[in-house]
Structures are given as structure tokens and as C-alpha cells.
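Below is one structure, written out as C-alpha cells; comments come after it.
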Number of protein chains: 2
Amino acid sequence: MKKDIDIALEAEMKPIKEIAASLNLSEEDWEPYGHYKAKLSEKLGEKLEARPDGKIILTTSINPTPAGEGKSTVTVGLGQALNKLNKKAVIALREPSLGPTMGLKGGAAGGGYSQVVPMEEINLHFTGDIHAITSANNALSAFIDNHIHHGNELNIDPRRISWKRVVDLNDRALREVVVGLGGPVKGVPREDGFMISVASEIMAVLCLASDLNDLKERLARIVIGYTYDRKPVTVKELGYEGALTLLLKDAAKPNLVQTLENTPAIIHGGPFANIAHGCNSVIATKTAAKLGDYVVTEAGFGADLGAEKFLDIKTRAGGFEPDAVVIVATIRALKMHGGVDKKELDKENLNALQAGTANLKKHMETIEQFRVPYVIAINEFPTDTEEEIHALTSWCEQEGAPVSLVQVHEKGGSGGVDLAEKVMAAADQKHQPLSYTYDLEDSIEQKINKIARTIYGASGVEFSAKAEKQIRQMNKFGYHHLPVCMAKTQYSLSDDPAKLGRPDHFKITVRDLYPSIGAGFLVALTGDVMTMPGLPKQPAALRMDVDTSGVVKGLF
Amino acid sequence: MKKDIDIALEAEMKPIKEIAASLNLSEEDWEPYGHYKAKLSEKLGEKLEARPDGKIILTTSINPTPAGEGKSTVTVGLGQALNKLNKKAVIALREPSLGPTMGLKGGAAGGGYSQVVPMEEINLHFTGDIHAITSANNALSAFIDNHIHHGNELNIDPRRISWKRVVDLNDRALREVVVGLGGPVKGVPREDGFMISVASEIMAVLCLASDLNDLKERLARIVIGYTYDRKPVTVKELGYEGALTLLLKDAAKPNLVQTLENTPAIIHGGPFANIAHGCNSVIATKTAAKLGDYVVTEAGFGADLGAEKFLDIKTRAGGFEPDAVVIVATIRALKMHGGVDKKELDKENLNALQAGTANLKKHMETIEQFRVPYVIAINEFPTDTEEEIHALTSWCEQEGAPVSLVQVHEKGGSGGVDLAEKVMAAADQKHQPLSYTYDLEDSIEQKINKIARTIYGASGVEFSAKAEKQIRQMNKFGYHHLPVCMAKTQYSLSDDPAKLGRPDHFKITVRDLYPSIGAGFLVALTGDVMTMPGLPKQPAALRMDVDTSGVVKGLF
């Protein structure tokens, strides 16, 4: 099969004005960024207020292999399939970060014949949203160090600044740095570190804000560190919420592009799915729901991370509920959960597949607990055997779960028509209101316990002495009413990436907690969480090039 | 008078497609970025090849006050005035950096009724060029540290890496940092520092490249540091010139906007005028010359820095010559050069003004040495008295120099019609070919001596022991044939900012030299040169805001 980039470059894209027109948008509702990208106006939300909402479909997955389960590909394929059935579908995805593109992934915007395009633009600077976030984040860092340099009126303790600088790159050498060296004219020396831009709290803030005003209020609430007498210091006290909002005013507008089959796609925001909530923006999802009969969106990693946060955090911030969930599984990953070594996944193994369904089963239970109807999508791979496919579909049917074999990578929308029909049926079911995992009034310990027990299947939670102290502090500062955003490995239901399948009799250890007050959640860290990836020995960038007429080479 | 931002927000802009049409550009020649900005196609250069070139007018100035002499304002005003005379004029300016905007300046794109618009867009993220440069610069840093981390095949000495990281902000705490701390998984510890993005060699490279291919070749030649046995290490040896060109492919396209009077303006590239050459891009200037009867462009700081580099470096890289120069002077600055304290500049002082003309006289001689016709533009200020204006114009006339009083700040193009007529007359003069300050075959010492003696009026040059050693190294590496880019204070003809007027009997001290091989020049540092500005105690950002409908506040 052709490479993704070659399929993408051969795409017959429609001018973005035609895509906008297909959504009944008028000229003042959007601005062009080139001929195939647009930004939607900040005034559009208000204008669409009266329109009815389309159905919201969330795509999630089992615990993935390092290569991923193809959630974005299924999301795009499902949107295309709905369009084939003459439904007005809009896709809502996250923006890719430049770091992984230049590092390992070489580009990501779906795959095969289920991609969003222009793929090479989306994977490079796109419309500049992440650069604006990087600028705002680092401007705040400069303002903090400048405040301390010019007399430190707010009494900020340089040893307790939690706000870090960012770059949208994989750059391990920036994980731990010392800044302010070189004497009095070069600031106050202190320890600092850089995260990848998509791990910035500003990214989470942008993705949870409902409009420019809410964005500014959230930015104002950000806690950047603590004073010498341990009081939190906010952006509002520094006085920069206006400037930061100004830097983000265009980044706050959702971006409109299209799929290979000209289905409209809104790509906006891309927060990490570990220390943040891993979903595209609330503004994008709500706008897409106003523009389409169906919006198909996704959340990062497996259902234990992305879907839980989508359902417990994003829906609360956005005031909406999904109508159906798609759980993506691959036979390869299920075999891995059933004990097969990564190198042996190409071989048929019905026993391992059977054992691996335990992982899928847990995620089905999770979605049932939230009381949202779901469909299982088996994302077919060339190495899957007929016997394996039969075994998995039979198992799903025995479980009473609707299941569909999807071939959207190879066939585009036509490979997802059966899934689309089952998803529409699920979304049409009358279902009870969304049942959250925890109440906001629960204590911090209760919230974490409920997530660990009901979502991960843990037998309990252990808090480090540090975490216990931090919880006492957060209670003191009045942060206990916020939802909790769990940072955990995506590879296992537990906090140990080696425990595949459906582990039991395990406890979750919370090592560390910190407040993301602008985003509006508390982050609980379990295990080692990476906020700045490193580059491999041979980065994807080594293969990248552009010829004299501007044609891109070496993106996947 | 109204504030710049208020004038800019009230502007009656034409849709950018009308501006493009006025230049006889067809739809495939440009891409929209919103309704009032466009990027010109990379294929446009080739297409315009056969068109005749318009006349190139360079705006420069005397040694400025810290507030500047209003070069951009006069450049914009002159372009507008030419249009009033029914000449097709195109303005070519530099892109402003976000750092000074958020720091001291609060925005810069001309002033009063001679501004380029949309001012707030141009001053914030514009079309993302500087963000792309930041990304490419820092990607290269990450690739270097990654190379060392993964075995250091090229034998790079981490103590001799000259490539620095950048942010497009004023951030003194990043001037000197240590990266790679935290143990083996966090890279190799080493000293590093951040410059402001516009000081990056990549900015200079982008501005001197003639097309994408030349861009890639220049990027490949960049020297990032030295091996343990003191051999230069290039980007080509690391293998990333393709990826860096890919990251810059859109940034390499010139941006089209307009002035308050709808004169087309190409704003592209903005290298520092001290460690780099301080001019907008070669591609932009050449494109503007193909599109207009007149292109009005500017070079940073006074004629001793910007114009010298425009004439000795940029014209060589671009293969063109200017037809006339405008030397901007203000009565305030001349009084300062005549010995008046900054706080007393509002008061009439004819003696000081007379004494201050010595500074202007030197810059007139400089332009005469290059053999380019010139006109003096007196940029009028409300505090100038009639007697002062009369004294200065009389002095110019006695010197035999064409002079014009311009009121473009207050009146727009109509305040520059007299200047436009005199500039057209100057540009129509038959003049001898451009006479460079030095030959490329001169030794490095000779080049620096010629610049110091003929441009600055110095009696000679002293080289530090370090600089002498560096010159020997550069000769060894074969870099001696490159032009020299002088980094010197803009406030004085000498290397001492306190020596105003026309100092004599002074020597220039070259402390340090380094190669900018991608840009294609050697940088000679005199005095302290700032590559990362700091923020004042009350940064301009404190006043900035945006209201709920997206309207910008607090830019000047």
C-alpha cells in the first residue's frame, strides 16, 4: 500500500470555501489560511447558539500498543462513512505536535485512506496555534523571572516556581536546566525545566475554555508557584492575563480542514493525555456539534485515560454529553494483552487473542458505568487472520456488544459503513444521563479512589507522604472541589506499563499531586510521567526534505 | 493626536485580494492568511523574471536616539506619497519581533498616518515566519544535543558549540543557562544560552537566500560548533538541512499587506542590525522591485550599520543596486548630537542643532562614497520650531544636498509628496555603479579597517588577542573571502555609545569574531552586543488586553 504522505499529496482537496459552504457558513464566519485551511470566527459560537446540536460520538480504545490502535484513523473513517450514508458528519480531532513529528512519528493525521488533509501543513506549523501557546507560555516565564529580577514585590520563592518553559520539540537536554546564570544583569539563577508545548497548562486552558472571556479568566487563575510563606501566586497577581489572552486570541479559533473524502474536519487543540485531559477543544467540539448531524471526536490513549477524562472533565467543562462511544481494538494489541511478545504479533494466536479480550472487556464495563451506548470497532490489519477476526467478533456478540470490522485505512469511508450504521443505531438509543465516576464534592482521596477502583480495576490507592502533604495543602487553598486528572501509563490499566491484559489485586500509587487551576483540575501523578520526550538516534527529521518547488518529502 | 493603534484599527483596509490584483497578481500567485494578509507563492520569482525592475529606494538615518528616527514611518509615508503621484510604489519592510512588542515598544509598524496594517496582526504572530525560524533554530539545537547523547559520532566538543537556542521574547534569565542536567537520561550537561529569535543565524540565512534551493544550501553550510580537534561542524554533516528547509518553506514566502492608504507593502524577515545585517529579505526586495515602479525599503539603525550592510552585504547577495537613498534625520536627534541632554530636547536650541549636523554630514559622506544619490528627509516633530527647521534646511542647501521636510506621521502620504518628487529626481540621475567599501578579496583585517575608517571615521582598528587568534582560524578554514558584518552600538559612529556627534581620533576595538557561514558573513563584535534583550520593570504587556469580541487593546 502507498505511504500516507503519498496518498495525502494525491488527494483531490476542495477549496476550503466549498467545505465552509457545505456547512452553511457565510463569508464572515471564517478566515482563510491558504486555500485549504480556515479559522472559524470567534463570533460563530454565538451565531449558532439557536441551532440544534448534532449527536456526539467519542472514539476511544483499549490500552494501546506503542504504535497506537488507529483511533484517529477510525475517527476519520467513521466520519467519511457517515457522509457516505448522506449524514452531515463533522470530525473533531487534536492538533499534532511538531516534536513527535520530527522525532519518531514523522506526521500523524489519521492514516491510509482515512486522513485529514493538507496532511503536511497540519503536521508542520498548521495555523500557528501551538506556536502561540509556546509564546504565551514562555512570555509568562519571562514575566515571572522579570518580576523577581526587578525587586520581587510578590515575594515569589524562586525555588518554588512550578511554571515551566516549553518548546514544541522533543528535546531531552531541556528537561532540567538552570537559568539566570552570568551575574546580576542576567537575572536570578534558579532551577527550571522545559516541557513539550502540548504539555503546557495553557494548552489545557485553551481546550477547556468556552470563549475568549472564559479563556482570560482561566489564564488569570493559573498558579505559577508559591511565595516564601507558601501562598500560591497567580497570573492575575502578576497582571498579565490580558497580554496572554491577546497572544492566544487567534489560537482560540477552531481550524477547519477536510478529510481525503472532503468530509469537514475541525482540528483544534492537542493537550497531552497524561498530565492533561487529552481531548481537542471544547469550542471545537461544540461548534462541530452545531454544524453537523454527527460529530466524531476522539480522546487520547485508552478509555482508562482519554475517555475517562473526556467524560469526567471535558463534558463538565463544556456542558454536553456524548451519544455513543466507539471502542477501537486491534487483534494485534489484544494478542499482546494475551501475553504474546511484540515480535510475534504477526502470527495467528487464538488463545492469546481470547485471553487478551479481558482488556477490552474492562473498557466495555467502563463505558457501561458511564451509561453511554457503545460499539466495538475492530481496526483490521493485514496480518489479522480470518479465524482471529471470527473469534473476536463472536466473542463480542456473546458479550452482547455491537461490533464492526473496519477497513477504513485501506478503503476510506466505504470501509466503515457498517460501523457508521451501528454507531447511528447506538446514538439513537434512549439512554440515561451520563453517570460521572465521582462527584465534585468528593474529597481528593475519594475521587482518586473511585477512578482507580472503577476505571482501572485497582484494589485501592496508596498515597506517598509527599502526596498526602500536597492534598492537605490543596484542601487548605480550596482546590478540593476540582476534578482530578490522572497521569498514568497508557499501556496498562495499572500504573505499571508491564502489566498487560486485565491485571487484578494491584494498587495505584500516587506519588505527586499538583494543581492546574487555570485548566480547572488537579493532576495526580502515578509512575514516571514524561512531559518532554527525547529524540531517537535516527530521528524522522533525517529523512525529511522539500524540493525546489515546495513539495514535501519524508513525512509518513 | 490619536494613538497609532486607534488610527490602525480605524483604517479602511481593502481585502488583500484587491491589493494583489492592483499588482497584477493572479489567484495562483498568492495565498490568503485571513482577509488582509497574504503569502506570495514561491513560484512567483520565476514568473516575474522577465518583468523590468522598478527603482530601489533605501531609507536610512543618522545615528538615532533610543526612540528611533522614524525610518519605518518615513518609508511607509514615502511609498504612500509616490502612490499619490500615481506611481506604482511597493514598500518592503522588516517583520517586528514579539520580544520588543511585549517589552518596551508595544508594537511597531510605522506610526501615525504612515503605518502598515493590520497593525495588531503584524505585531503579534503575523503569518508565523518568526515562529518557524524559532522552531528550526531550536530543532537544530535538539538535534545537536541528541547527536552527542547518542554517541557523538562527529566528535563534537560540547564546550565549543556556538549554536544557541532562541525564543522570540525579551528574557534576560535565558542569556546564560546550563542544559542537560539531571543524569544520563537527560542528555549531556553543557553551557548554553538563548538569543532572541531575530538574532538567529537562520533569520539572516532566510533573508539572504534567493530561493528554496539557496536556502537549503545556506542552511547546510551553517557551522554549529567545533570538534574536540577544533574542526568546524556543519548542519550538512549532521544531515538536517532538508528538515530545516521543510520547517522554513512557508516562512520563505514574502508576506503582502497594505498601508493605511492601501499602498502594497511586503513585510518579510527581520534580522538584527548588529550581529546580522538588519534588512528585510532579498526575495522580498527583488519581488517588490518586479511588482512596482518604485520599491521603498529600509535598513536597521543608522547608515553606519544598516545602510553599510545593505550596500556591502545584501546587494551582493541579491545582485541589485539601489537607485537612491533617503537619510532620515530629526531635529531632536541632531540637537542631542550637538550636546543637548535627552530631557531638554523639547526646547529650541539652534547652536546645538548646528553642532549636531556634523553627525548628518558624516552619513551624507558615507552614501556619497557608495556613489548613490540621496535626499535628506527631516522627519518633523511637534516640538520642532520654525527657526530650527529653517536652520536645518538652509544648512542642507548650503551643503548642496536635496532636503525635504516630511510630515508623513501627521498627514500620511500627502506629508511626503515633496520628498517623493525629490527622491524620483535623485533616482533618475545617471550615477556610477555602486562602490563597495571593501573587496571580498581583502583580508579580514583590511575589510574591518576599511569599514571603520571610511564609514565610522575611525583612525584605526585594534584587535584583541582573542580576535587575532580567531582571524587566524578563519583564514585556515577558508572563510576570509566573506563580507564582514559589524556588530557595533547604533548610538554613535564609534564603538562607544556615549560619543555622539561626529567623534574623531578614536579607534574601533574588535573583541571577538565569529563565522555566520550560512548567512555568508563574518561577525565582528565591538563593545557589548546584546542578543537577548531584557524586560523593563513595567513591560508594555501589562497594558495589553483583548475584549470578548477580539478587539485588541494596549498596542501603541
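The values are calculated or read from the model by the stated rules, or taken from the named source; none is laboratory data. Given the structure is predicted, the values throughout are model-derived calculations rather than measurements. We place every Cβ from the backbone using ideal geometry, glycine too, and count neighbours over all the protein chains shown.
Structural remarks
- Per-region count, region B:9-25, residues part of a helix (DSSP H, G or I), over 21 Å from A:K39 (Cβ atoms) and either within 12 Å of chain A (Cβ to nearest Cβ) or hydrophobic (A, V, I, L, M, F, W, C) (or both): 1
- Within region A:110-125, being more than 27 Å from A:L174 (Cα to Cα) and part of a loop (DSSP other than H, G, I, E, B) holds for A:G112, A:Y113, A:P118.
- In region A:346-381, residue farthest from the chain's Cα centre (by Cα) [restricted to those that are more than 24 Å from A:G416 (Cα to Cα) and among the hydrophobic types (A, V, I, L, M, F, W, C)]: A:L350
- When B:I91 is tested against the conditions (1) modelled with pLDDT under 95; (2) within 17 Å of the chain's Cα centre (by Cα), the lone failure is (1).
- Taken as a whole, the structure places B:R332 among residues that are of a type in the set (K, R) and more than 21 Å from B:Y456 (Cα to Cα).
- Test: B:A329 is buried (at least 24 other Cβ atoms within 10 Å of the Cβ) and closer than 27 Å to B:M530 by Cβ: yes
- Only a single item in (1) away from chain B (no Cβ under 14 Å); (2) outside any strand (DSSP E or B) is not met by A:E28, and it is number (1).
- Any hit, region B:17-30, residues being surrounded by fewer than 24 Cβ atoms within 10 Å (Cβ to Cβ) and within 22 Å of the chain's Cα centre (by Cα): no
Residue-by-condition table, conditions (1) facing another protein chain (nearest Cβ under 10 Å); (2) at pLDDT below 95; (3) at negative phi; (4) part of a loop (DSSP other than H, G, I, E, B):
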residue: A:E95; (1), (2), (3), (4): no, no, yes, yes
residue: A:T127; (1), (2), (3), (4): yes, no, yes, yes
residue: A:H147; (1), (2), (3), (4): yes, no, yes, no
residue: A:R160; (1), (2), (3), (4): no, no, yes, no
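Residues are listed down the side, and each one gets a yes or a no for (1) more than 21 Å from B:N138 (Cβ to Cβ); (2) more than 9 Å from every other protein chain (Cβ to nearest Cβ); (3) crowded, with 21+ Cβ neighbours inside 10 Å:
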site: A:H131; (1), (2), (3): no, no, yes
site: A:N137; (1), (2), (3): no, yes, yes
site: A:S141; (1), (2), (3): no, no, yes
site: A:E153; (1), (2), (3): yes, yes, no
site: A:I156; (1), (2), (3): yes, yes, yes
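- Of all positions in region B:426-436, at least one carries a residue that is under 25 Å from B:E321 (Cα atoms), of a type in the set (A, V, I, L, M, F, W, C) and not in a loop (DSSP other than H, G, I, E, B).
- Candidate set from region B:66-93 (those that are over 13 Å from B:S114 (Cβ atoms) and crowded, with 19+ Cβ neighbours inside 10 Å); member that is farthest from the other protein chains (Cβ to nearest Cβ): B:E69
- Candidates B:P433, B:P483 - the one that is under 26 Å from the mean Cα position of the chain (by Cα) and at pLDDT below 95: B:P433
- Residue among B:I56, B:I62 that alone is within 30 Å of B:L405 (Cα to Cα), touching an Asp or Glu at 6+ places or on another chain (Cβ under 6 Å) and of a type in the set (A, V, I, L, M, F, W, C): B:I56
- Criterion (of a type in the set (F, W, Y), modelled with pLDDT of 95 or more and buried (at least 24 other Cβ atoms within 10 Å of the Cβ)) met by exactly one of A:Y228, A:Y240: A:Y240
- Qualifying residue in region A:166-185 (condition: more than 7 Å from chain B (Cβ to nearest Cβ), part of a strand (DSSP E or B) and either of a type in the set (V, I, T) or under 27 Å from B:D145 (Cα atoms) (or both)): yes
- Members of region A:114-162 that are within 22 Å of the chain's Cα centre (by Cα) and more than 22 Å from B:M102 (Cβ to Cβ): A:S114, A:Q115, A:V116, A:V117, A:P118, A:M119, A:E120, A:E121, A:I122, A:N123, A:L124, A:F126
- Helices (runs of 4 or more DSSP H) fully within region A:304-409 counting 1 or more residues that are over 29 Å from A:S281 (Cβ atoms) and in contact with a helix residue (DSSP H, G or I) (Cβ under 9 Å, 6 or more places away or on another chain): A:331-337, A:350-369, A:386-398
- Failed criterion for A:S404 (all others in (1) exposed (fewer than 15 other Cβ atoms within 10 Å of the Cβ); (2) without any contact (Cβ under 8 Å) to a residue 60 or more places away in the chain; (3) farther than 25 Å from A:C485 by Cα hold): (1)
- Scan of region A:104-125 for residues that are more than 9 Å from chain B (Cβ to nearest Cβ) and not aliphatic (A, V, I, L, M), ordered by number: A:K105, A:G106, A:G107, A:G110, A:G111, A:G112, A:Y113, A:S114, A:Q115, A:P118, A:N123
- Any chance A:I283 is of a type outside the set (D, E, K, R), within 14 Å of another protein chain (Cβ to nearest Cβ), in contact (Cβ under 8 Å) with a residue 24 or more places away in the chain and not in a loop (DSSP other than H, G, I, E, B): yes
- Qualifying residue in region A:297-314 (condition: of a type in the set (G, A, S), within 20 Å of the chain's Cα centre (by Cα) and under 23 Å from A:A50 (Cα atoms)): no
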